[in-house]
Amino acid sequence: MQIPKKITVGTKTYAIIKIKQARTKNTLAAIDYQHGIIWMATHDMQGNKLNKAEMADTFWHELTHAVLHDMNSTLCYDEKFVTAFANRLSLAVDSAQL
């Protein structure tokens, strides 16, 4: 999967900015709802390059945050829910037969 440079959710357009390295062990990306920015690391904290599947899963995770925020759902702040949903979404997209 190719990670887009921009994506629109509802009326908000998010710029997707790739950063070199994750800031913490468990955080490969972050979203700024106010400014419309999604930051995504290309490498983990140890400097290991993320593979395509890890990048895609991270993208779907942040997109799930954006969609739930657009829906005014407090679930956008529930990392456990967002992770579970995004993982299933990522697997479903990966399994699509076009």
* Asked: Non-local amide H neighbours of VAL9 (under 5 Å, H modeled in plane, Pro and chain starts lacking H): which ones?
  -> TYR14
* Over the stretch 6-95, relative contact order from alpha-carbon pairs under 8 Å, at least 6 apart, % -> 22 percent
* Structure fact -> Listed with the fewest Cβ neighbours within 10 Å leading, PHE81, PHE59 appear as PHE81, PHE59
* In what order do HIS61, HIS43, HIS69, HIS35 fall by count of nearby beta-carbon atoms within 10 Å, going from fewest to most? -> HIS35, HIS43, HIS69, HIS61
* Asked: When only DSSP loop residues count, what trypsin sites (Lys or Arg not before Pro) in the chain have their Cβ near at most 13 other Cβ atoms within 10 Å?
  -> LYS5, ARG23, LYS25
* Structure fact -> In whole Hz, the Karplus estimates of ³J(HN,Hα) for the stretch 76-91 (6.51, -1.76, 1.60; θ = phi - 60°; x where Gly or Pro) are 5, 9, 9, 4, 4, 5, 4, 5, 4, 5, 5, 4, 5, 4, 4, 5
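A short reminder: the numbers here are calculations on the coordinates, not readings from a lab. Remember, predicted model here, so these are calculated numbers, not experimental data. No Cβ is skipped: glycine too gets one built from the backbone with ideal geometry, and neighbour counts run over all protein chains shown.
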